[in-house]
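Each remark here refers to the structure printed beneath this line.
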Amino acid sequence: MPNIVIVGAQWGDEGKGKVVDLLTDKVQVVARYNGGHNAGHTILVGQERFVLHLIPSGILHPGILCVMGNGMVIDPWALEKEIAELRARGVTIGDNLVVSDRAHLILPHHRALEAMTEEMRGDRKIGTTLRGIGPAYEDKAGRRGVRASDLLRPADLPERLAEARRHYELICRGAGRSPDLDWDRLATDLTGFGERLRPRIADASLVLQREMAHGYSVLFEGAQATLLDMDHGTYPYVTSSSAAAGGALTGLGVPPSRIDGVIGIAKAYTTRVGAGPLPSEIGGALEQDIRDRGHEYGASTGRPRRCGWFDAVVVRYSIRVNGFDSVALTKLDVLDHLAEIKVCVAYRCQGETIREMPADLAVLEACEPVYETLPGWSESTGGVRDFGRLPAAARGYVDRLAELVGGEIGIVSTGPERDDTIVRPQSAVGSWFA
Ligand code: IMP
């Protein structure tokens, strides 16, 4: 199979884990390129439910090499916990998991800083996961971060931590807070992580280059999603990493010429966790109904997700930014009971119709959705595996979405199980599955 990037087309939680899991049978390597344990990828294998936060979903498949890229930020406590939990459930984690030596670490002061800055934002909170993601990327950009490779040189750790500590204490003093972290203890803890993680810390770019030179295929797994991307998302209501397809290159040290295709994952409706604009937000009892039917509660934080109608402006924009060869439409079955379904086709703002995603948050916040109403199908699509077997109105819905976003919908997911999936043979992904 070619080397494929999997990217969320909306605001995250589109069901990327399931599509990665499906395609993993066709590849030898799964490599994650961004984010940290803010992500929560839920995968059902038979009766077993796994939620992965840091480790690529490929770990559930024996014989797959999993790579955590330099574009990620890794909380070593969270990583060890996830490894231990997976092992306790019988998942083998040995030399099948590589951590980039250039990945930055999330340390306790990042969580403290994030709690402080979110609190200081008052009613303009981002609604982050409070896992220290943003401050870890800030330290990276500020050139005072600590990387996985630093764990391998424990004698230098106090010096590596000194810059981050100075910056942290400066902010605490400015905010009138007491910086009460035990940095000596931190250096000791990190030394321990270094001893335990040493065998898996490696030059991830080099590992991938060698794998590809052997003819092995790589699945590049993005976390979060395009509208949460630091550059292309609804800034400032975004995460702090490059979640869009371009992040696969910088976040793993892979050249553009090695990427053969991109699959975008979009839900048949829209969800978002945390604050920020969601133009097609449904509101009221119907939103709660969709939230409950779709189990729309955060896999990492348990927070209820905000639910909206499918927003074609968003997915069309995602196709432009990422160049999706094909879109996988997930959770179609959640809409089964509805008599009619709305789709946002454009925005109205100050008397103008907008068809492209505005950069200006004030404009986006003032946008009213323009809806097209499509007939529902009022019958179950749960578990349907053949496009032709979907009710006519469900086929009509999928085809109309494809028309509106200007791209093919090659996969339709009709339930949480691996097999509850339609792969359309004539689509770009159809040949990758064959
Ligand atoms: P952070 O990534 O914790 O800094 O949070 C920034 C924004 O991204 C918040 O709105 C979070 O709710 C959102 N976010 C982060 N990770 C995920 C995810 O995996 N799924 C959905 N939203 C996420």
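The values are calculated or read from the model by the stated rules, or taken from the named source; none is laboratory data. Computed from a predicted model, the values in this text were never measured in an experiment. Because the Cβ atoms are built from the backbone with ideal geometry, glycine has one as well, and the counts that use them run over all protein chains shown. Just the protein is used for accessible areas: all its heavy atoms, side chains included, with ligands, DNA and RNA removed. Shrake-Rupley method; radii C 1.70, N 1.55, O 1.52, S 1.80 Å.
Points to keep in mind about this one:
- Here the convex hull built on the C-alpha positions of segment 104-197 has a volume of 91 cubic angstrom per residue.
- Quarter of Cα convex hull surface for segment 243-321, i.e. mean projection, nm²: 6.5 nm²
- Under 20 Å from the Cα of Lys140 - aspartates and glutamates, other chains or at least 8 residues apart: Asp75, Asp101, Glu114, Glu118, Asp150, Asp156, Glu159, Glu163, Glu169, Asp203, Asp229, Asp231
- Chain lengthening between Gln350 and Arg143 when straightened (0.36 nm per residue, less Cα-Cα): 70.2 nm
- Relative contact order [Cα under 8 Å, 6+ residues apart], segment 100-240, whole percent: 26 percent
- Listed by chain and number, the aspartates and glutamates whose C-alpha is less than 12 Å from the C-alpha of Lys18, apart from same-chain residues fewer than 8 away, are Glu221, Glu417, Asp419, Asp420.
- If R0 is 41 Å, the Cβ-Cβ spacing of Asp123 and Glu372 corresponds to a FRET efficiency of close to 0.75.
- Ranked by how many other beta carbons lie within 10 Å on average, peptides 26-36, 97-107, 364-374 from highest: 26-36, 97-107, 364-374
- Between Ala434 and Lys26, the modelled labels are 1.1 nm apart [label points 7 Å from Cα along Cα→Cβ].
- At 0.890 mPa s and 25 °C, Stokes diffusion of segment 265-433 via Kirkwood alpha-carbon radius, µm² per second: 148 µm²/s
- Between Arg418 and Ala84, the simple spin-label model (points 7 angstrom out along Cα→Cβ) gives 2.9 nm.
- Axis of helix 392-405 versus longest Cα principal axis of the chain: the two differ by about 60°, to the nearest ten degrees.
- Shape of the chain, Cα gyration tensor, a/c cut at 1.5: oblate
- Using a probe of 1.4 angstrom and keeping all protein chains present, the accessible surface of segment 265-433 works out to 40 square angstrom per residue.
- Segment 38-78: C-alpha gyration tensor shape, a/c 1.5 cut-off, then a/b vs b/c: oblate
- Relative contact order %, the chain, counting alpha carbon pairs below 8 Å whose residues are six or more apart: 19 percent
- Global geometry of segment 8-165, whether rounded, prolate or oblate, following the gyration tensor of its Cα atoms and the 1.5 cut on a/c: oblate
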